[in-house]
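The values are calculated or read from the model by the stated rules, or taken from the named source; none is laboratory data. Small disclaimer: the values here were computed from a predicted structure and weren't measured. Neighbour counts run over all protein chains shown; Cβ positions are idealised from the backbone, glycine included. Surface accessibility is based on the protein's heavy atoms, side chains included, excluding ligands, DNA and RNA. Shrake-Rupley method; radii C 1.70, N 1.55, O 1.52, S 1.80 Å.
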Amino acid sequence: MGPVIRGAPLVLLLLLVLPPSPGIAAEGAAGTEACANCHEEVVAEFQRTAHARAHGLKAEESCENCHGPGAAHADGGDPALIVRFAELSTAKASEACLSCHKEQHRQFSFKRGAHSLNDVGCVDCHNPHLTTETMLRARGADLCATCHQSIVGQFNQPRSHPLSRGDEACANCHDPHGTKNPGSLKRAGTETCTTCHVDKAGPFLYEHDISIVDGCQACHQVHGTPNRHLLTHSRTINLCYQCHPGSQTPGFHSAPTFLNEKCTACHTAIHGSNTHFAFLEE
């Protein structure tokens, strides 16, 4: 940013500081009325959207803010003379959206997010002509299921996290625009889980190491499973023996003795304890 001029009017200072407003130059523009001559229903629907009322966009050229100057297209009707998002690459189409939305925090990580890296762009999930607040093509998990059918299907298991297809659903835990975290989780590590399961958050004097290294998913299948407590094994002892084999536990913990028992019958503070290093009952 250049030097600030002492005594300069506020408007001049704002022009020096703020980025240029989004929208195209007026040169070559046909205007929204010209678009409506052929696309009357589309234009009428678009005028009801948040995009049509977006700050900084030119209302009289609302279509052309995204589709480019349309005078030549309006004169000859040649579709090649207008920007058609269906003909653009995923990256190019998303770049048009990010030209405005890149200033929003949720879109900062989009280019390095899992969706973008797998050639899924903004218009694959959003329809900029829709009047809904987020302009999503479907609601909640129904939208995610168009690609992630096997994952959404896990919520049909006998034990699962509650999933309403009408609310934010998957977006309660994942940010579809991308984050620095594995799985595009909104929060790092176990913080996503402890947002709801606050009693497991700690910190504890004696931490269960596996929860620190691998997180909750080391023992739990977070989407859904046939097992109690969303455990990855039907028998608790088999789960514990993954890290604590019989050769490393006291003799009275032998598999024949405890085959039908639960380790958590004694180690009740398995997520962490402030009183006992072996997570025994507090």
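Here Ala169 meets the list (1) closer than 30 Å to Cys97 by Cβ; (2) at pLDDT 85 or above almost entirely, failing just condition (2). Among the residues of region 157-187, write down those that are open to solvent by 50 Å² or more (accessible area, probe 1.4 Å), within 24 Å of Phe110 (Cβ to Cβ) and either touching a Leu at 6+ places or on another chain (Cβ under 7 Å) or not charged (D, E, K, R) (or both). Passing the criteria: Asn172, Cys173, His174, Pro176, Pro182, Gly183.
Just one of the numbered conditions (1) modelled with pLDDT under 85; (2) within 15 Å of the chain's Cα centre (by Cα); (3) open to solvent by 90 Å² or more (accessible area, probe 1.4 Å) is not true of Gln107: (3). Restricting attention to region 38-57, the residues that are at pLDDT 85 or above and within 17 Å of Gly68 (Cα to Cα) total 5. Screening Ile5 against (1) open to solvent by less than 50 Å² (accessible area, probe 1.4 Å); (2) at pLDDT below 50 leaves a single unmet condition, (1). Taken over region 188-202, the criterion of being surrounded by fewer than 16 Cβ atoms within 10 Å (Cβ to Cβ) and of a type outside the set (Val, Ile, Thr) is satisfied by Ala188, Glu191, Cys196, His197, Asp199, Ala201.
Given the condition aliphatic (A, V, I, L, M) and at pLDDT 90 or above, answer yes or no: does some residue in region 186-200 qualify?
Our first condition is that a residue be aliphatic (A, V, I, L, M); within region 186-200, this holds for 188, 198.
Among the residues that remain, those that are also at pLDDT 90 or above are: none.
For region 186-200, residues aliphatic (A, V, I, L, M) and at pLDDT 90 or above: absent.
Just to verify a result, which residue in region 110-124, among those that are closer than 25 Å to Phe155 by Cα and open to solvent by 40 Å² or more (accessible area, probe 1.4 Å), is modelled with the highest pLDDT? Once the filter is applied, the top-ranked residue is Asp124.
Being in contact with a Pro (Cβ under 9 Å, 6 or more places away or on another chain), among the charged types (D, E, K, R), open to solvent by 70 Å² or more (accessible area, probe 1.4 Å) and modelled with pLDDT of 85 or more is true for just one of Glu87, Glu95, Glu27. Which residue is that? Working first, answer last.
Numbers: Glu95 fails: in contact with a Pro (Cβ under 9 Å, 6 or more places away or on another chain); Glu27 fails: modelled with pLDDT of 85 or more.
Exactly one of Glu87, Glu95, Glu27 is in contact with a Pro (Cβ under 9 Å, 6 or more places away or on another chain), among the charged types (D, E, K, R), open to solvent by 70 Å² or more (accessible area, probe 1.4 Å) and modelled with pLDDT of 85 or more, namely Glu87.
In a residue-by-residue description of region 137-144, the property of being open to solvent by 70 Å² or more (accessible area, probe 1.4 Å), at pLDDT 85 or above, under 25 Å from Gln47 (Cα atoms) and not acidic (Asp, Glu) applies to at least one position.
Looking across region 125-136 at every residue that is within 18 Å of His177 (Cβ to Cβ) and of a type in the set (S, T, N, Q), the one that is least open to solvent (accessible area, probe 1.4 Å) is identified as Asn127. For region 58-81, the tally of residues that are modelled with pLDDT under 80, buried (at least 19 other Cβ atoms within 10 Å of the Cβ) and of a type outside the set (D, E, K, R) stands at 1.
Within the group Ser211, Ser234, which residue is closer than 18 Å to His267 by Cβ and either open to solvent by less than 80 Å² (accessible area, probe 1.4 Å) or not in a helix (DSSP H, G or I) (or both)?
Checking each option against the conditions leaves just Ser211.
As for region 214-229, it holds at least one residue that is modelled with pLDDT under 85 and surrounded by fewer than 14 Cβ atoms within 10 Å (Cβ to Cβ). Against the test of being charged (D, E, K, R) and under 25 Å from Lys92 (Cβ atoms), the options Asp124, Asp142 yield a single qualifying residue, Asp124.
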